[in-house]
Amino acid sequence: MTEGIDFSLLALDAPGWGGALLTGFLRSVELAVGGYALGIVIGIIGAIAKLYGGRVTRDLAEIYTIIIRAVPELVLMLLFYYVGTDLANRAMQAMGYAGFDVNGLTAGILVIGLVQGGYATEVLRGAIRAVPRGQIEAAHAFGMSPAKVLTRVTLPAMTPHAIPGMANLWMIATKDTALLAVIGFSELTLVTRQAASATREYFLFFISAGVLYLILTLVSNYGLRRFEKHARRGMDAAR
Amino acid sequence: MAEFGDCADGDQMDDQAAIHVEDLHKRFGSMEVLKGVSLTARPGDVVAVIGGSGSGKSTMLRCINLLETPTSGRISIQGEAYDLRTTRSGDLEIADRQQVQRIRAHLGMVFQSFNLWPHRTVLGNVTEVPVHVLGVSREEADARAKAVLERVGLGDKLDAWPAQLSGGQQQRAAIARVLAVEPLAMLFDEPTSALDPELVGEVLSVIRALAEEKRTMILVTHEMAFARDVATHVVYLKDGRIEEQGPPEQIFGAPSSPHLQQFISSVT
Ligand SMILES: Nc1ncnc2c1ncn2[C@@H]1O[C@H](COP(=O)(O)OP(=O)(O)OP(=O)(O)O)[C@@H](O)[C@H]1O
Ligand SMILES: [Mg+2]
């Protein structure tokens with residue numbers, strides 16, 4: 001490090017790295033949002049499979065969550081990424097699409113989503129079980145279709161119970177995006193490393209990246225708290 | 001058994017019946033909870049079901065809307081029998097889910113523990129089924145819901161959350177939720193058993209008013225005085241069988257079964 005910090009290195013335009021950092025940051029947010037959303041979808045399916053599925057479905061869901069939770073996330077991501085893209089490419093070639101290339105963002109979202117899904121399955125399963133049976137039973141007794149019971153009663157009724165765990169998962173999703181740097185995604189962490197080694201200003205760039213992650217966390221904490229308040233409005237209503 | 005015998009051994013389908021149950025059996029594992037129950041509720045009947053704890057009252061009621069699937073037997077609602085088929089293990093299962101949903105939408109059930117949906121307001125609870133199951137327009141459902149909530153004395157609680165209501169108010173909201181679907185029969189499973197004693201009266205008076213306007217209902221209850229008052233027909237369940245049934249004056253005034261005599265003297 002030279003004497004003093006050269007903040008002009010954070011300028012948006014080259015030779016400043018600010019623009020690249022922000023682009024990487026947006027990429028990280030995209031990956032986190034996409035992976036998290038996919039994780040929720042997988043989690044709902046997994047939770048339903050575990051709670052209401054037949055033997056085979058239950059066992060499959062169980063194996064999935066055990067693997068996801070037992071293996072380090074980085075290993076899973078490498079596995080999903082390389083095996084996944086390999087399988088996808090082979091499948092596409094078999095179907096006659098030569099030279100197929102999985103879109104980086106899509107692959108990243110899939111990888112994060114698959115990992116998130118394992119944890120979300122457990123969070124959502126617990127939340128659904130926290131809904132008194134009678135409320136779901138009442139929905140059936142009034143002739144709701146299973147899909148309606150799910151969307152009109154089970155999911156909204158379990159949401160307050162799911163929020164603390166799911167908020168945690170969101171925090172993990174934002175940070176898991178950094179692991180994708182290993183695979184070569186130019187998300188915030190990778191761009192930061194490039195900027196730092198090109199300029200030798202490690203302190204400046206890693207602190208900047210840390211601040212960006214912190215801002216993301218603070219903003220989403222605020223959003224999550226508002227959402228929790230909304231979802232709990234029936235429960236928090238004073239007697 | 002009494003001459004009120006149209007429900008006794010009904011091998012004949014009763015087309016007049018709102019609810020017709022024939023030779024209903026239900027087992028949980030190796031325990032047979034219902035051992036051949038037959039029951040008919042004609043339009044306007046108020047059938048009170050009494051009996052000791054564990055005698056199978058709730059199970060019978062829950063078979064009527066198939067919350068429990070019978071092991072064997074036949075249940076029809078307004079002349080339409082549930083389409084059930086026999087599984088390989090010899091039990092029954094639902095063959096036509098759509099039919100069950102369609103019939104259920106016209107059978108309102110009131111639960112011991114209210115079971116309102118906590119994430120919806122009182123109004124939202126009452127409009128939920130009309131809008132999302134019956135396809136009634138939002139405006140019409142709102143108007144209907146306000147009317148039924150007015151009826152049960154909750155006209156000022158439309159925007160309240162279930163958690164803000166007393167038990168009695170919650171149960172009245174649950175009754176309004178049933179009224180909003182204009183049910184062809186109502187099923188009550190001990191609607192006042194979870195209530196503090198001082199709240200029982202307000203719920204019973206709502207049910208009484210519904211009975212007086214000749215709504216068809218099957219009412220499982222431990223409130224003997226109330227059953228005697230409002231029922232047109234009383235059924236005494238004992239160990240999964242109907243041991244005695246008849247008009248309330250007979251069941252409460254001159255019970256013939258020793259078990260029933262004992263049961264009535266123990267609860268009154
Ligand atoms: N889902 C179930 N699985 C196993 N056993 C059950 C189930 N539901 C009810 N039973 C048993 O069946 C018997 C009859 O139960 P049911 O709830 O119908 O009685 P009840 O007459 O309603 O009693 P109570 O007055 O206490 O409500 C009881 O022994 C009960 O333990
Ligand atoms: Mg019961």
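Can you name every one of the strands (runs of 3 or more DSSP E) wholly within region B:79-156 that holds 1 or more residues which are at pLDDT 95 or above?
Working: elements: B:84-86, B:92-94, B:107-110.
Fully inside region B:79-156 and qualifying: B:107-110.
Which residue out of A:GLY108, A:GLY143 is of a type in the set (Gly, Ala, Ser), over 19 Å from A:LEU224 (Cβ atoms) and part of a loop (DSSP other than H, G, I, E, B)?
Residue meeting the stated conditions: A:GLY143.
Within region B:58-80, the set of residues being of a type in the set (Asp, Glu) and within 15 Å of ligand 1 (Cβ to nearest atom) comprises just one member, B:GLU68. Here B:GLU22 meets each of (1) within 16 Å of ligand 2 (Cβ to nearest atom); (2) more than 14 Å from chain A (Cβ to nearest Cβ); (3) out of contact with any helix residue (DSSP H, G or I) (no Cβ under 8 Å at 6 or more places or on another chain); (4) open to solvent by 10 Å² or more (accessible area, probe 1.4 Å) with one exception, condition (1).
The residue list B:VAL234, B:VAL267 contains one member that is open to solvent by less than 50 Å² (accessible area, probe 1.4 Å) and under 22 Å from B:VAL200 (Cβ atoms), which is B:VAL234.
For region A:94-110, does any single residue satisfy the condition of being more than 25 Å from the chain's Cα centre (by Cα), within 14 Å of chain B (Cβ to nearest Cβ) and not polar (S, T, N, Q)? Let's see the steps before the verdict.
Kept after step one, since they are more than 25 Å from the chain's Cα centre (by Cα), are these residues of region A:94-110: A:94-100.
Remaining after also requiring within 14 Å of chain B (Cβ to nearest Cβ): none.
No; the residues of region A:94-110 include none that is more than 25 Å from the chain's Cα centre (by Cα), within 14 Å of chain B (Cβ to nearest Cβ) and not polar (S, T, N, Q).
Condition test on B:GLY167, is it open to solvent by 10 Å² or more (accessible area, probe 1.4 Å) and touching a Leu at 6+ places or on another chain (Cβ under 7 Å)? It is true that B:GLY167 is open to solvent by 10 Å² or more (accessible area, probe 1.4 Å) and touching a Leu at 6+ places or on another chain (Cβ under 7 Å). So in region B:30-57, with the set limited to residues that are within 23 Å of B:PRO247 (Cβ to Cβ), open to solvent by 10 Å² or more (accessible area, probe 1.4 Å) and more than 9 Å from ligand 1 (Cβ to nearest atom), which one is farthest from the chain's Cα centre (by Cα)? Per the criteria, the residue is B:GLY36. Scanning region B:170-203 for residues that are of a type in the set (Gly, Ala, Ser), free of Cβ contacts under 8 Å to residues at least 60 places away in the same chain and surrounded by 23 or more Cβ atoms within 10 Å (Cβ to Cβ) gives B:ALA173, B:ALA176, B:ALA180.
Out of the helices (runs of 4 or more DSSP H) lying entirely within region A:167-239, which hold 1 or more residues that are aromatic (Phe, Trp, Tyr), in contact (Cβ under 8 Å) with a residue 24 or more places away in the chain and within 14 Å of chain B (Cβ to nearest Cβ)?
Details: elements: A:188-199, A:202-231, A:233-236.
Qualifying helices (runs of 4 or more DSSP H): A:202-231.
Cβ-Cβ distances below 6 Å connect the following pairs, each with a first residue in region A:139-158 that is more than 7 Å from every other protein chain (Cβ to nearest Cβ), a second residue that is open to solvent by less than 50 Å² (accessible area, probe 1.4 Å) and in a loop (DSSP other than H, G, I, E, B), and a separation of six or more residues or different chains: A:MET158/A:VAL131.
Looking only at residues that are hydroxyl-bearing (Ser, Thr, Tyr) and away from ligand 2 (no atom under 16 Å from the Cβ) in region B:35-77, which one is nearest to the other protein chains (Cβ to nearest Cβ)?
So in region B:35-77, the residues hydroxyl-bearing (Ser, Thr, Tyr) come out as B:38, B:40, B:53, B:55, B:58-59, B:69, B:71-72, B:76.
From what is left, the residues that are away from ligand 2 (no atom under 16 Å from the Cβ) are B:38, B:40, B:69, B:71-72, B:76.
Working: B:SER38: 23, B:THR40: 21, B:THR69: 12, B:THR71: 19, B:SER72: 22, B:SER76: 16 Å.
So the residue we want is B:THR69.
Here are some residues: B:LEU116, B:LEU107. Which one is of a type outside the set (Ser, Thr, Tyr) and either within 16 Å of ligand 2 (Cβ to nearest atom) or more than 23 Å from A:LEU155 (Cα to Cα) (or both)? Outline the logic, then answer.
Numbers: B:LEU116 fails: either within 16 Å of ligand 2 (Cβ to nearest atom) or more than 23 Å from A:LEU155 (Cα to Cα) (or both).
Just a single option satisfies the conditions, and that option is B:LEU107.
Inside region A:146-186, residues that are within 14 Å of A:PHE227 (Cβ to Cβ), buried (at least 20 other Cβ atoms within 10 Å of the Cβ) and not hydrophobic (A, V, I, L, M, F, W, C) make up a count of 2. Look at (1) within 16 Å of ligand 1 (Cβ to nearest atom); (2) of a type in the set (Gly, Ala, Ser); (3) within 14 Å of another protein chain (Cβ to nearest Cβ) and you find that B:SER266 fails only one, number (3). Looking for something within 14 Å of another protein chain (Cβ to nearest Cβ), in contact (Cβ under 8 Å) with a residue 60 or more places away in the chain and closer than 26 Å to B:ILE103 by Cβ - is there at least one such residue anywhere in region B:225-239? No, every residue in region B:225-239 fails to be within 14 Å of another protein chain (Cβ to nearest Cβ), in contact (Cβ under 8 Å) with a residue 60 or more places away in the chain and closer than 26 Å to B:ILE103 by Cβ. If the condition is being within 14 Å of chain B (Cβ to nearest Cβ) and open to solvent by 40 Å² or more (accessible area, probe 1.4 Å), then region A:112-138 contributes A:ALA130, A:PRO132, A:ARG133.
Here is a check on your reading of the model: is B:VAL206 away from ligand 1 (no atom under 16 Å from the Cβ), in contact with an Asp or Glu (Cβ under 9 Å, 6 or more places away or on another chain) and open to solvent by 10 Å² or more (accessible area, probe 1.4 Å)? Break it down into steps so the answer makes sense when it comes.
Working: away from ligand 1 (no atom under 16 Å from the Cβ): yes; in contact with an Asp or Glu (Cβ under 9 Å, 6 or more places away or on another chain): no; open to solvent by 10 Å² or more (accessible area, probe 1.4 Å): yes.
No; evaluated as a whole, the condition is false for this residue.
Taking region B:97-138 as the range and being small (Gly, Ala, Ser), open to solvent by less than 20 Å² (accessible area, probe 1.4 Å) and more than 7 Å from chain A (Cβ to nearest Cβ) as the test, the residues that pass are B:GLY108, B:GLY124. Scan region B:60-81 residue by residue and report those that are under 12 Å from the mean Cα position of the chain (by Cα) and touching a residue at least 60 places away in the same chain (Cβ under 8 Å). Within region B:60-81, B:MET60, B:LEU61, B:ARG62, B:ILE64, B:ASN65 meet the criteria.
The values are calculated or read from the model by the stated rules, or taken from the named source; none is laboratory data. Everything numeric in this text was worked out from a predicted model, so none of it was measured. Here the Cβ is made from the backbone with ideal geometry for all residues, glycine too, and neighbour counts use every protein chain on show. What goes into the accessible areas is simple: the full protein's heavy atoms, side chains included, and nothing from ligands, DNA or RNA. Shrake-Rupley method; radii C 1.70, N 1.55, O 1.52, S 1.80 Å.
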